[in-house]
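Reading through the structure tokens given below for one structure.
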Amino acid sequence: MAQPLYSTHLGMTDILPDDVRKWQYLEQLIRTEAELFNLEEIRTPIMEQTELIIRGIGQLTDIVSKEIFSFSRGDDNYVLRPELTAPVVRSYVEHHLEQRGGSQKLYYIGPMFRAERPQKGRQRQFHQFGIEVIGSDDPVADVEVIAFMIHIYQKIGITNTTLKLNSIGDPESRKNYVEALKNHLEPNLENLSDVSQERFKKNPLRILDSKEKEDQPFIDSAPLITDYLSEKSKKHYQKVKEYLTDLGISFETDPYLVRGMDYYTETAFELISPDLGSQDALAGGGRYDLLVEEIGGQPTPAVGFAAGMERLLIACEELGIPLGGEKEVDVYIVTLGDSARKWGLSKLSKIRSTGVSATMDYKGRSMKAQMKDANRENARYAIIVGDHELESGKFTFRDMADSEEEALPFQEILKLLEKEKH
Ligand code: HAM
């Protein structure tokens, strides 16, 4: 085989037809379940203003400092969206979605871009589905968001997951905690990694998210954020845990879970799977009560999550969960000779107009090759046409599964196909 001249960029993959069927199956399932939860789809552009992403996610996060794909054109700075929470909030503020009344319960499915080092379950173009509920500070909203996330995996058949839960509190709680964390880390500052030393100055909470080996002993012995929660935050966290328990959703509390974006407040959570290897987070999310205001809107509480589609597919594969069916077509018209080809071409649209899928040979191949092709395409029926059939007005209608054949007028074939389809 000739060496291809071009290939995809590092960490970006084509989704080929056999895989697209799996994706479509999952996307359909997510859409159906989202409707059940009374969520509405939102679609925003692939590119956003760089400033929005920096302000929304936080200057010192890995995403902003190392992973955004950005470029400028004229006076405008573009960034390929690394996530959708900040863009959805931008859209909410820009279009005054609060005027629609109630909480906005939104879902999305689409591609995101992060210039990370690719590995299994980590790509530079990847896909997320997620939801954002904007306009409620009630713990019921947190729990509904988590319940939807868990529901999707259960529906697909992925049940061996762990829900990790934490609260990072309101700004007051966090201020007190950051003080305690700094006091804990300061005596060993020079033993921390360079990144953590930098974060110590600008955003110490991010140190808890460090994967650097030398930081681990200091993280493990750090004070717990949950010991510093204000009364209000404590109450909120308590209610979330209580409602989850009432719904039979089990969870593990993890006081070091701070998540990778700066916008989080109060509840933070991740869904972990043992079937994913080192990139073990299927999904993650939490509250972001200050983000709407940060992006220029009125103070508005919000909560959401996003899940990686690629990781979902990996988990399905590991667990042997089949997704989508085989490629198939209802009818394959096998033609012999020019007149038959013309007849076939004109009948394709007649068949398709009844909702039955149909195809024919595009290459003028022999009958044997066309029958082989019909099998490869998983055709349910073949209609075989040659000069003899055209003269008699009866066409061979063949059931490909049991090879039963019958000579029938086209109108009768059409009726049979229609009857079976509906
Ligand atoms: P995140 O934790 O950055 O959160 O991403 C959510 C999920 O996207 C991850 O758990 C993972 O499954 C998937 N993911 C992230 N990066 C990659 C990658 N490079 N390759 C493959 N999959 C990846 C967010 O994006 C937040 N916006 C979630 C959120 C919504 N919080 C509130 N609302």
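Once both axes come from the Cα atoms, what is the angle between helix 171-185 and the longest principal axis of the chain, in degrees from 0 to 90, rounded to 10? Result, in degrees: 70.
Charge dipole of region 172-223 (Cα centre as origin; +1 on each Lys and Arg Cβ, -1 on each Asp and Glu Cβ, all else neutral): 240 debye, rounded to the nearest 20. Ordered by solvent-accessible area of protein heavy atoms (1.4 Å probe), largest first, the residues Y362, Y332, Y78 come out as Y362, Y78, Y332. Give a quick list of chymotrypsin sites (Phe, Trp or Tyr not before Pro) in region 221-327 that DSSP marks as loop, anything other than H, G, I, E or B, with at most 14 other Cβ atoms within 10 Å. The qualifying sites are Y256. Among DSSP beta bridges whose residues both lie in region 329-421, state the antiparallel percentage, nearest 5. DSSP beta bridges in region 329-421 are roughly 45 percent antiparallel. For S403, the accessible surface of its heavy atoms amounts to roughly 60 Å² (probe 1.4 Å, protein chains only, rounded to the nearest 10). Free of any trypsin sites (Lys or Arg not before Pro) that DSSP assigns to a loop and that have at most 16 other C-beta atoms within 10 Å, the longest stretch within the chain is 212-326.
One compactness figure for region 1-130 is 1.22, namely its Cα radius of gyration divided by 2.2 N^0.38 Å. Close amide H pairs (under 5 Å, H built 1.01 Å from N) link I249 with no residue at least 5 positions away or on another chain.
Per-residue 3J(HN,Hα) values for region 310-327, derived from phi via the Karplus relation 6.51 cos²θ - 1.76 cosθ + 1.60 with θ = phi - 60°, read 4, 5, 4, 5, 4, 4, 4, 5, 4, 8, x, 8, x, 10, x, x, 6, 5 Hz in sequence order (x marks Gly and Pro).
In order along region 210-222, the phi-based Karplus estimate (6.51 cos²θ - 1.76 cosθ + 1.60, θ = phi - 60°) of 3J(HN,Hα) comes to 5, 9, 5, 4, 5, 7, 4, x, 6, 6, 4, 9, 5 Hz; Gly and Pro are listed as x. Between the amide H of A379 and those of V329, distances stay under 5 Å, these residues lying 5 or more places away or on another chain, with hydrogens modeled in the peptide plane. For region 220-279 versus region 328-389, the spacing of their alpha-carbon centroids is 58 Å.
Computed with a 1.4 Å probe on the full set of protein chains, the accessible area for Y153 sits at about 0 Å². Compared with the dominant Cα axis of the chain, that is its longest principal axis, helix 338-352 is turned about 50°.
What the phi angles of region 132-143 give under the Karplus curve with 6.51, -1.76 and 1.60, with θ = phi - 60°, is a coupling list of 10, 10, 10, x, 9, 9, 6, x, 4, 5, 4, 6 Hz, glycine and proline written as x.
Placing V93, V240 in order of accessible area, with the largest value first and a 1.4 Å probe, yields V93, V240.
Beta bridges per DSSP, both residues in the chain: antiparallel share near 80 percent.
Overall shape of region 207-264 was characterised from the C-alpha gyration tensor. The equivalent ellipsoid obtained from it has semi-axes of 25, 14, 11 Å, in decreasing order. Annotation: amide H of H127 within the under-5 Å range of M112, M309, E310, sequence separation 5 or more or interchain, hydrogens built in the peptide plane. The angle between the Cα long axis of helix 410-421 and the main principal axis of the chain comes to about 30°, on a 0 to 90 degree scale. Accessible area ranking (1.4 Å probe, heavy atoms, ligands and nucleic acids excluded), largest first, for D289, D280, D361: D280, D289, D361. Using bins of 10 Å that start at zero, the share of Cα-Cα pairs per bin across region 308-352 amounts to 21, 27, 14, 18, 19, 1, in whole %. Computed over the Cα atoms of region 329-421, the ratio of the radius of gyration to the Kirkwood radius (Rg/Rh) comes to 0.91. Tally up the carbon and sulfur contribution to the accessible surface of region 329-421 as a whole percent, 1.4 Å probe, everything protein left in place. Roughly 49 percent, rounded to a whole number. In the chain, the inverse of the mean reciprocal separation of distinct Cα atoms equals 25.1 Å; this is its Kirkwood hydrodynamic radius. At 25 °C and 0.890 mPa s, what whole-number value in µm²/s does Stokes-Einstein give for the translational diffusion of region 107-229, with Rh from the Kirkwood sum over Cα pairs? The calculation lands on 139 µm²/s.
For M371, the solvent-accessible surface with a 1.4 Å probe is about 30 Å², rounded to the nearest 10.
The values are calculated or read from the model by the stated rules, or taken from the named source; none is laboratory data. Predicted, not measured: the structure shown is a model, and the values here were computed from it. Note that we place each Cβ from the backbone using ideal geometry, even for glycine, and neighbour counts take in every protein chain shown. SASA here: full protein model, heavy atoms, side chains in, ligands and nucleic acids out. Shrake-Rupley method; radii C 1.70, N 1.55, O 1.52, S 1.80 Å.
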